[in-house]
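Here the structure comes first, spelled out in structure tokens, and everything after it is commentary.
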Amino acid sequence: MKRMNFAQLQQKLTAAARLQSPDDRVPYAFEKRIMALLAQRAAASGQILWARGFWRAAVSCVALAAVCGAVSFFTPAAADNSKDLSQDFENTLLASVDQPDATP
Amino acid sequence: MERSEAELIAAVLRGDRASFEPLVAKYSPRVLATARRYARRESEIEDIAQEVWLKAFDKLKSFRGEAPFEHWLMRLAVRTCYDFLRGHQRNRESSFSEISEPEEDWLDRFVADPGSAAEDADAARALVNRVLERLSPEARLVIQLLEIEDRSVKEIAELTGWSVPLVKVRAFRARAEMRKILARMAKDKYL
């Protein structure tokens with residue numbers, strides 16, 4: 001068997017590839033398809049923006065709730081009831097209701 | 001009156017999406033011809049072209065108008081084709097045992113007398129496509145641009161975004177890879 005000259009074969013095949021003229025035919029209504037895709041994407045991107053905003057808000061709320069939960073869980077309960085935050089809060093909230101009773 | 005390319009691009013950037021359509025109509029033949037150099041199935045070719053146009057629309061702000069729009073678009077097209085090749089690397093792992101009879105005949109003629117094997121034969125084209133499909137994405141892109149489209153190293157660097165030395169290194173490796181594939185093909189056929 002004769003030895004194959006790979007360099008020459010490479011040249012021949014490259015020349016064969018050069019002779020192939022690229023086909024530039026365009027599918028029917030291709031530009032319409034692209035424009036429809038762009039329109040579809042624009043509509044979808046509005047929805048995506050809203051969805052993204054809601055997700056961010058939800059994550060922030062969950063994070064805030066977790067921090068509040070952690071703070072209330074790890075803060076030791078005050079021994080003195082007079083310094084109880086919830087009691088203070090209730091007193092402040094009901095201050096206006098309690099006021100008429102206090103005045104003679 | 002027909003609007004110029006610059007006017008169309010400016011209109012698209014102002015938010016007039018419809019002005020993009022004449023650009024798509026004008027340059028789609030070139031984009032599809034480029035895609036056909038790297039993909040074989042018509043569905044893949046259309047996917048590549050579609051991807052090129054979607055990217056072109058998204059990145060139109062980055063087009064500064066210093067070079068013609070066509071050059072900018074071709075850069076996008078070549079890079080999209082490269083991404084496609086990288087995404088379809090698995091397809092190139094197969095043996096040469098399935099080469100057709102005319103391709104085998106062409107190879108036999110080449111071995112017997114290299115001058116008698118014509119480059120314009122269909123078998124030669126089929127064979128070169130088979131070899132190109134087995135190259136790595138980098139090698140395929142370089143061989144296509146440098147050897148087949150006859151572009152300069154500088155042009156390839158601009159099209160691909162690679163540096164000039166990198167193109168040279170990849171061209172050297174690509175030629176070696178192609179020879180290796182041809183050697184494997186000969187081994188599969190004759191041993």
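Couple of notes before you dig in:
- Residue within segment B:135-142 that is assigned by TED's automatic domain parsing to the domain that holds residue B:167, free of Cβ contacts under 8 Å to residues at least 60 places away in the same chain and surrounded by fewer than 20 Cβ atoms within 10 Å (Cβ to Cβ) present: yes
- Cβ-Cβ distances below 8 Å connect the following pairs, each with a first residue in segment B:166-177 that is within 14 Å of chain A (Cβ to nearest Cβ), a second residue that is crowded, with 20+ Cβ neighbours inside 10 Å and outside any helix (DSSP H, G or I), and a separation of six or more residues or different chains: B:174/B:135; B:177/B:135.
- Test: residue in segment B:100-120 that is within 13 Å of chain A (Cβ to nearest Cβ), among the acidic types (Asp, Glu), closer than 16 Å to residue A:10 by Cβ and not in a helix (DSSP H, G or I): yes
- Applying the criterion of being touching a helix residue (DSSP H, G or I) at 6+ places or on another chain (Cβ under 6 Å) and closer than 20 Å to residue B:125 by Cα to the residues of segment B:145-157, the residue that is farthest from the other protein chains (Cβ to nearest Cβ) is B:145.
- Whichever residue in segment A:22-48 is more than 9 Å from every other protein chain (Cβ to nearest Cβ) and either outside any helix (DSSP H, G or I) or β-branched (Val, Ile, Thr) (or both) and, among such residues, is surrounded by the fewest Cβ atoms within 10 Å (Cβ to Cβ): A:28
- Some residue of segment A:2-20 being more than 7 Å from chain B (Cβ to nearest Cβ), part of a loop (DSSP other than H, G, I, E, B) and of a type in the set (D, E, K, R): yes
- Checking residue B:7 against (1) part of a helix (DSSP H, G or I); (2) among the acidic types (Asp, Glu); (3) under 30 Å from residue B:143 (Cβ atoms); (4) more than 13 Å from chain A (Cβ to nearest Cβ), the condition it does not meet: (3)
- From the options A:67, A:97, residue that is at pLDDT 85 or above and either of a type in the set (A, V, I, L, M, F, W, C) or outside any helix (DSSP H, G or I) (or both): A:67
- Residue within segment B:67-83 that is hydrophobic (A, V, I, L, M, F, W, C), within 20 Å of residue A:18 (Cα to Cα) and not assigned by TED's automatic domain parsing to the domain that holds residue B:27 present: no
- Subset of segment B:18-68 [free of Cβ contacts under 8 Å to residues at least 12 places away in the same chain, part of a loop (DSSP other than H, G, I, E, B) and either farther than 26 Å from residue B:148 by Cβ or at the interface with chain A (Cβ under 10 Å from one of its Cβ atoms) (or both)]: B:64, B:66
- Segment A:1-21 - residue that is among the hydrophobic types (A, V, I, L, M, F, W, C) and surrounded by 14 or more Cβ atoms within 10 Å (Cβ to Cβ) and, of those, farthest from residue B:119 (Cα to Cα): A:4
The values are calculated or read from the model by the stated rules, or taken from the named source; none is laboratory data. These numbers were taken from a predicted model, which means no experiment stands behind them. Here the Cβ is made from the backbone with ideal geometry for all residues, glycine too, and neighbour counts use every protein chain on show.
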